[in-house]
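Novice: Take this structure, written in structure tokens, and hold onto it; I'll ask about it next.
The values are calculated or read from the model by the stated rules, or taken from the named source; none is laboratory data. Because the structure is a prediction, the values reported are computed rather than measured. Here the Cβ positions follow ideal geometry from the backbone for every residue, glycine too, while neighbour counts run over all protein chains shown. All accessible areas refer to the heavy atoms of the entire protein, side chains included, with ligands and DNA or RNA removed. Shrake-Rupley method; radii C 1.70, N 1.55, O 1.52, S 1.80 Å.
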Amino acid sequence: EMVDNKGILMIDAGNAVGVRKRNDSFYKDNFTFIDQYEFPNVNLDHYKCISINAFVDQVMLEKNKEKIEQFLAQKKIVVFSGNLYLDWLPGGSTFIPKTINSYLDYVVSIAKPHPIFEGVDPQDMTYNKGVSGFFARGHHPAPEGAEVLLTLPEGEPIVYIDRTTTYGTILSYVGNDLFGYMINSKSSVQISQQLLQWVHDEYEELQKGRVAQ
């Protein structure tokens, strides 16, 4: 069966942020972009992974919840970056904003070593140009059995991997776009490539029929 050589479908919200991505070589080389409103009609057979980020219309996603569920049922991957406010992501819970008393409330910790964040200094995720809070301003409660990778100071999960809710794998990140970290000059610049590599490796494992963790 023909698989799109890039393998990852990026649902594009069509906003100004997306324009920069469409012209960036990392995105051009590794993702196939579609306008968000084409999603209901696109054939997903050729893709390993769907990437959905913060600006995508969640009302549209909720209407196409079954399509997302069927995709995951084929042992594939969904990477979601954003704040969930409607019920379309299997196992997902609504975003809970963090009550902030100090910039320290935004500090990111690595809960569990993982290839996606290997070599990444948590401080480089916490601070951007000296300001904290860009990486995560709240959390999604993780579903039962999910692997929590990053947390805020009170243990709130900000990145988790869920292999138990569906036959596929869901990676949920509470910020704008976890693939978008290749534009800074800090250790977090590695996240983009490492996440990309993880998607391809995870797909191979899923298709081999690895038992869900």
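Novice: Being in contact with a Ser or Thr (Cβ under 6 Å, 6 or more places away or on another chain) and surrounded by 20 or more Cβ atoms within 10 Å (Cβ to Cβ) is the filter here, so list the residues in the range 144-156 that pass it.
Specialist: Result: T151, single match.
Novice: If I ask for residues that are surrounded by fewer than 14 Cβ atoms within 10 Å (Cβ to Cβ), of a type outside the set (D, E, K, R) and touching a residue at least 24 places away in the same chain (Cβ under 8 Å), which ones from the range 110-126 would you list?
Specialist: P115, G119
Novice: Looking at the range 165-179, can you tell me whether even one residue there is at pLDDT 95 or above, out of contact with any strand residue (DSSP E or B) (no Cβ under 9 Å at 6 or more places or on another chain) and in a helix (DSSP H, G or I)?
Specialist: no
Novice: Please specify each residue of the range 127-141 satisfying the condition of being free of Cβ contacts under 8 Å to residues at least 40 places away in the same chain and either open to solvent by 70 Å² or more (accessible area, probe 1.4 Å) or farther than 17 Å from N176 by Cα (or both).
Specialist: Step one: of the range 127-141, the residues free of Cβ contacts under 8 Å to residues at least 40 places away in the same chain are 127, 129-133, 136.
Across the range 127-141, the qualifying residues are K129, G130, V131.
Novice: Return yes or no: is L84 touching a Pro at 6+ places or on another chain (Cβ under 7 Å) and surrounded by 17 or more Cβ atoms within 10 Å (Cβ to Cβ)?
Specialist: Spelling it out, it is not the case that L84 is touching a Pro at 6+ places or on another chain (Cβ under 7 Å) and surrounded by 17 or more Cβ atoms within 10 Å (Cβ to Cβ).
Novice: In the range 1-59, how many are assigned to a loop (DSSP other than H, G, I, E, B), of a type in the set (S, T, N, Q) and either modelled with pLDDT of 90 or more or open to solvent by 70 Å² or more (accessible area, probe 1.4 Å) (or both)?
Specialist: Count: 4.
Novice: Within the range 61-69, does at least one residue satisfy the condition of being touching a residue at least 60 places away in the same chain (Cβ under 8 Å), part of a strand (DSSP E or B) and within 24 Å of G145 (Cα to Cα)?
Specialist: Checked against the condition, which is being touching a residue at least 60 places away in the same chain (Cβ under 8 Å), part of a strand (DSSP E or B) and within 24 Å of G145 (Cα to Cα), the range 61-69 yields no hits at all.
Novice: Which numbered condition trips up V79, out of (1) touching a residue at least 40 places away in the same chain (Cβ under 8 Å); (2) assigned to a loop (DSSP other than H, G, I, E, B); (3) not basic (K, R)?
Specialist: So V79 meets the others, but not (2).
Novice: Here's something else I'd like to know. Only one of these is among the polar types (S, T, N, Q) and more than 20 Å from Q190 (Cβ to Cβ): T151, T164. Name it.
Specialist: Of T151, T164, the one residue that is among the polar types (S, T, N, Q) and more than 20 Å from Q190 (Cβ to Cβ) is T164.
Novice: Moving on to the next point. Restricting to the range 99-109, what's the tally of residues that are open to solvent by less than 60 Å² (accessible area, probe 1.4 Å) and part of a loop (DSSP other than H, G, I, E, B)?
Specialist: So the answer is 3.
Novice: Another question, if that's okay. Looking at I191, I170 in this structure, which one is under 14 Å from S51 (Cα atoms) and surrounded by 21 or more Cβ atoms within 10 Å (Cβ to Cβ)?
Specialist: Within the list I191, I170, the selection yields I170.
Novice: Then there's this: Among (1) under 16 Å from the mean Cα position of the chain (by Cα); (2) touching a residue at least 40 places away in the same chain (Cβ under 8 Å), there is one condition V107 misses while meeting the rest; what is its number?
Specialist: Result: V107 passes all but (1).
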